[in-house]
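To keep things clear, I will list the structure first and then write my remarks on it.
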Amino acid sequence: MSSRAVAPRRRQLRSDSRKREILQAALHCFTTIGFAGATLADIRVRAKASIGSIYHHFCSKEQLAAALYVEGLRNYQQSFLAELDRHRKARGAVRSLVRHHLCWVRDNPDWSRFLYEHRQSEFVAAAEGAIRDLNEGFYRASGARWQGFLDCGEMIELPRDLLIAILLGPAQEFARNWLAGRTRTELEDAAYVLGESAWRALRPQSRVRPTRRAVARSR
């Protein structure tokens, strides 16, 4: 590779690195000060960046927050799909994905709070296109694997919204309470119990059966 080609690549890498630093600084400020109270000056100090560097990547605090939301969602979805891809059997996938959700929240508490608290924020609405694209890709990729489990008779057939609600709904509720300091159960214990509960609801022997109308609507 020629020096002419290397130089632009290095500049791009430095720019990407600076952007990530700004996003992490914004995440810290938004979760400690609050979105309304945090300023670009606060973020600049935290990131040790110039105001010009911030405006090079983001034209406003709202745009920065929207980018942060999208990045957090992308990180979660990529790690979810990677965990799903590790499993060839439905039982292992279901149990591990519940545990993965709780562990991701544990390992990324600031991002988790930000995603939970700001789903209905105006700045998120401005990023709906990017969020829709992420979700479509996520459901397409995960849907292929769920369909494989269905074809093998390892899971009952459910509409996607019901599948996600059963798989992650209880874990999301526990995670919110855990983040707020309102739980007594250890996270690992919760992951085991909730994972087993999700599997009992989704395994073929489950008594839960969707109506034909519900299944038809999901297609």
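The values are calculated or read from the model by the stated rules, or taken from the named source; none is laboratory data. Remember, it's a predicted structure, so these values are computed and weren't measured experimentally. Because the Cβ atoms are built from the backbone with ideal geometry, glycine has one as well, and the counts that use them run over all protein chains shown.
Key figures for this structure:
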| read-out | value |
| --- | --- |
| Answer from ARG182, ARG140 - the residue that is of a type outside the set (Asp, Glu) and closer than 22 Å to SER79 by Cα | ARG140 |
| Matching residues, segment 129-188, being of a type in the set (Val, Ile, Thr), under 21 Å from ASP110 (Cα atoms) and not in a helix (DSSP H, G or I) | THR183, THR185 |
| Some residue of segment 103-116 being modelled with pLDDT under 95 and loosely packed, with under 13 Cβ neighbours inside 10 Å | no |
| Answer from LEU158, LEU168, LEU202 - the residue that is modelled with pLDDT under 95, surrounded by 16 or more Cβ atoms within 10 Å (Cβ to Cβ) and among the hydrophobic types (A, V, I, L, M, F, W, C) | LEU158 |
| Qualifying positions in segment 29-82 - charged (D, E, K, R) and either at pLDDT 95 or above or part of a helix (DSSP H, G or I) (or both) | ASP42, ARG44, ARG46, LYS61, GLU62, GLU71, ARG74 |
| Search result, residues across segment 117-128 that are out of contact with any helix residue (DSSP H, G or I) (no Cβ under 6 Å at 6 or more places or on another chain) and either in a helix (DSSP H, G or I) or at pLDDT 95 or above (or both) | GLU117, GLU122, ALA125, GLU128 |
| Count of residues meeting criterion [without any contact (Cβ under 8 Å) to a residue 12 or more places away in the chain and of a type in the set (A, V, I, L, M)] in segment 46-94 | 2 |
| Filter pass, ARG88 being within 19 Å of LEU27 (Cα to Cα), surrounded by fewer than 17 Cβ atoms within 10 Å (Cβ to Cβ) and not assigned by TED's automatic domain parsing to the domain that holds LYS19 | no |
